[in-house]
2 protein chains.
Amino acid sequence: MAEGSERDVIASIERGFAVLLAFDADLPAPSLAEVATKTGLSRPAVRRILLTLQKLGYVNASGSRWSLTPRVLTIGQHYAASHAISEVAQPHLLRLAELTHESASLSQLDGTGVVYVARVHVRRVMSLNVDIGSRVPVHATSMGRVLVAWADASVIEQVIEDGLPALTPTTVTDPVAFRDALHEVRQQGFALVDGELEPGFLSAAAPVRNPAGDVVAALAYSTSRGRTDVQHVLDDVVPHLLDVAASIQRDLAVVTTGRRTLAPGARDGFF
Amino acid sequence: MAEGSERDVIASIERGFAVLLAFDADLPAPSLAEVATKTGLSRPAVRRILLTLQKLGYVNASGSRWSLTPRVLTIGQHYAASHAISEVAQPHLLRLAELTHESASLSQLDGTGVVYVARVHVRRVMSLNVDIGSRVPVHATSMGRVLVAWADASVIEQVIEDGLPALTPTTVTDPVAFRDALHEVRQQGFALVDGELEPGFLSAAAPVRNPAGDVVAALAYSTSRGRTDVQHVLDDVVPHLLDVAASIQRDLAVVTTGRRTLAPGARDGFF
DNA sequence: ACCTCCTGTACGCTGTGCGTACTACTTGTA
DNA sequence: TACAAGTAGTACGCACAGCGTACAGGAGGT
């Protein structure tokens, strides 16, 4: 059902996003020609697309260089506005951060990747710039393990098929070991990953379920090996983690089953 | 130059974004037909667009309801990756938040609106959900006043033409008074807005300039009238604000004029 | 049994958006 | 100075992408 043949895909829209996403750390302010070579599109096509995106306010030309405008940041707001979870979770993240004195985050599965949807950072932990919208690999993070552990079998297959690159010497890269790790996560009800994403980076995550019982998000605590150790996380942090995850789950159930109103007064007189 | 006639705008891309942005708090999980009526497009057209967006991973169908996926949050990452300012400003925002014990934020002008590009929130200040990517009205916020005060005259005209709605009883709504307020901002080098966006909400903002001297962002401090008063902000906060804004400006100059490398090691082994 | 909502599909026509080919400008180099 | 190599902008005609109309098939609801 709803398969959608090739006939039902609009190439221009794909091209439009290809151009929008061509703006990158590698190419922060490209010329038209650079975008064309990067995307493989013809220059006139890129020109038309850039002019369209400019009309929509997402890019701007200064001289012969093009760059993104802050408006691209507003696109994500539509996700937050249409999904209660990030808003519901916010106070709970704050509580977790206060309980543990470390950063707390909530993430969701996106294909075979993990995307942060809410976050409270206590201090600048790492070189990694993890903010809302950041993507992290699914196989080497506690959040990813949680999200995949309870996902459809097809997702697990796809993740393994995508490959399990070694990001540190201790990253689990063997498919069998990875499946074992997922099994362990299901058994114990949470995931703990120690230095598999980046040396010294330690994190734990717990599942957050919707009323139907599906795991829709992962709540995570993250810290550095320098500040704490695995035993402390297991003894003192995980109970808080599970407790806060349960609270989010409870609030989420209220919001989604009850009336879908998010502080009605908040929107009025604002925008 | 580079005007771009109507001939050079790709309607399909406009339609694609129209559908993507149709997902809203009002319509978090619409049916195909609902999207069609909201956007004014035909149902088959909307179907094609949704299938395209689904292929790109931005929307997903569950039953006959469609919803955004967390992937839309990643679009904004391309802005952060291609503009040093948000990353550069982050530690400074943290410092400002620590100095003042209140939320600190950085925002940029987008057309005639203001968009938060970086933020450190100290506590849950208000009902307002102000996060990265949020848009706030330009005329009733200290950040907006700063950004507009030093913008092209055409921007000021456009803001006034857009209208200056009264969001609280004290909002400046008279064009002449608004121009006076901007003049005052230019004179004193910062903006202070007291309860014009929401009663009891108090904020101050200072400009951040690029090496060419253009105001490219506004650094803001925000609090509630219940916790402090105008005099304290003027005496104790504004000096910090100006100081931190100068620091951001300095770091920004180094990054943009020097080599455009943002912690090269941070990207490797990450994604 | 009806009616009304929905989605999915077929199909032929229109005109959008494509690329090729060319012009015009700027910058660096011989 | 003149050429080369880069850039952006423009024109134009053709092809087919994507459009909407029209219809079929389900799922509730009365």
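Structural remarks
- Taking helices (runs of 4 or more DSSP H) as the structural unit, those lying wholly within the range B:171-271 and holding at least 2 residues that are assigned by TED's automatic domain parsing to the domain that holds B:ILE160, open to solvent by 80 Å² or more (accessible area, probe 1.4 Å) and at pLDDT 95 or above correspond to B:175-188.
- Failed item, numbered, when B:LEU109 is tested on (1) more than 15 Å from the chain's Cα centre (by Cα); (2) assigned to a strand (DSSP E or B): (1)
- Selection within the range B:79-111 - of a type in the set (D, E, K, R) and over 17 Å from A:TYR58 (Cβ atoms): B:GLU87, B:ARG95, B:GLU98, B:GLU102
- Residue, most open to solvent (accessible area, probe 1.4 Å), within the range A:51-63, restricted to residues that are outside any strand (DSSP E or B) and at the interface with chain B (Cβ under 9 Å from one of its Cβ atoms): A:LYS55
- Of all residues in the range B:36-49, those that are within 9 Å of DNA strand C (Cβ to nearest atom) and within 12 Å of another protein chain (Cβ to nearest Cβ) total 4.
- B:ALA33 vs. criteria near DNA strand C (Cβ under 7 Å from one of its atoms) and either more than 9 Å from every other protein chain (Cβ to nearest Cβ) or modelled with pLDDT under 90 (or both): yes
- Some residue of the range B:25-43 being in contact (Cβ under 8 Å) with a residue 12 or more places away in the chain and part of a strand (DSSP E or B): yes
- Failed item, numbered, when B:ARG65 is tested on (1) in the same structural domain as B:TYR116 (by TED's automatic domain parsing); (2) within 10 Å of DNA strand C (Cβ to nearest atom): (1)
- Flag if B:VAL146 is open to solvent by 20 Å² or more (accessible area, probe 1.4 Å) and outside any strand (DSSP E or B): no
The values are calculated or read from the model by the stated rules, or taken from the named source; none is laboratory data. All values derive from a computational prediction rather than experimental measurement. Cβ: placed from backbone, ideal geometry, glycine included. Neighbour counts: every protein chain shown. Ligands, DNA and RNA are excluded from the accessible area calculation, which covers all protein heavy atoms including side chains. Shrake-Rupley method; radii C 1.70, N 1.55, O 1.52, S 1.80 Å.
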